[in-house]
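Heads up, the thing below is written out as structure tokens.
The values are calculated or read from the model by the stated rules, or taken from the named source; none is laboratory data. Note that the structure is predicted; figures quoted are calculated from it, not measured. Glycine also receives a Cβ, built like all others from the backbone with ideal geometry; neighbour counts cover every protein chain displayed.
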Amino acid sequence: MLSMNLAELKQRLDLLVEGNVISSSARSITVDAFQHLLETLGIKDVEQAEMLFTHLPTALTRMENRETLDAFASETMMEEVRNSGSYHLAKEQVRRIEREWKGGLPETEKEFLYLHYTNVIQTNQGGEAN
């Protein structure tokens, strides 16, 4: 499995900022979200988080630029996500991002984040014992 630590994430995000792919504010919120996830799960590296932590800063940058995302998840897929044992933690992570973003997130973005957070949390649940 691929894992990522905070230093690796920052390096990856710095390259995206330098390339004008993401904004510096999106970088900052993404770093904070990553740190919060590490603290919540009691881990130092996050397994299988590349998609989530690449999507998050690009989504925030899109919102800054007032670009929209088309509907993504089917209702069946979202029902699975909502029934997941990790959904409550995923919602808490997304609520924290929304508070920091101070603008709210469109429902389509939240659904995408719930899906990815649920998968990442399930993969990493259990702290250092993984």
Any hit, the range 103-121, residues being out of contact with any strand residue (DSSP E or B) (no Cβ under 9 Å at 6 or more places or on another chain), under 15 Å from SER3 (Cβ atoms) and touching a residue at least 12 places away in the same chain (Cβ under 8 Å) | yes
Consider MET51 against the criteria (1) more than 16 Å from PRO106 (Cα to Cα); (2) under 14 Å from the mean Cα position of the chain (by Cα); (3) of a type in the set (A, V, I, L, M, F, W, C); (4) buried (at least 19 other Cβ atoms within 10 Å of the Cβ): it satisfies all of them except one. Which criterion is unmet?
-> (4)
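Results for (1) out of contact with any Phe, Trp or Tyr (no Cβ under 7 Å at 6 or more places or on another chain); (2) in a loop (DSSP other than H, G, I, E, B); (3) not hydroxyl-bearing (Ser, Thr, Tyr), shown as yes or no for each residue.
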site	(1), (2), (3)
THR76	yes, no, no
GLU100	yes, no, yes
THR108	no, no, no
TYR117	yes, no, no
Looking at the range 15-49, which of its residues are small (Gly, Ala, Ser) and farther than 16 Å from LEU113 by Cβ?
-> GLY19, SER23, SER24, SER25, SER28, GLY42
What is the number of the single condition among (1) at pLDDT below 95; (2) touching a helix residue (DSSP H, G or I) at 6+ places or on another chain (Cβ under 6 Å); (3) outside any loop (DSSP other than H, G, I, E, B); (4) more than 14 Å from ASN119 (Cβ to Cβ) that VAL81 does not meet?
-> (4)
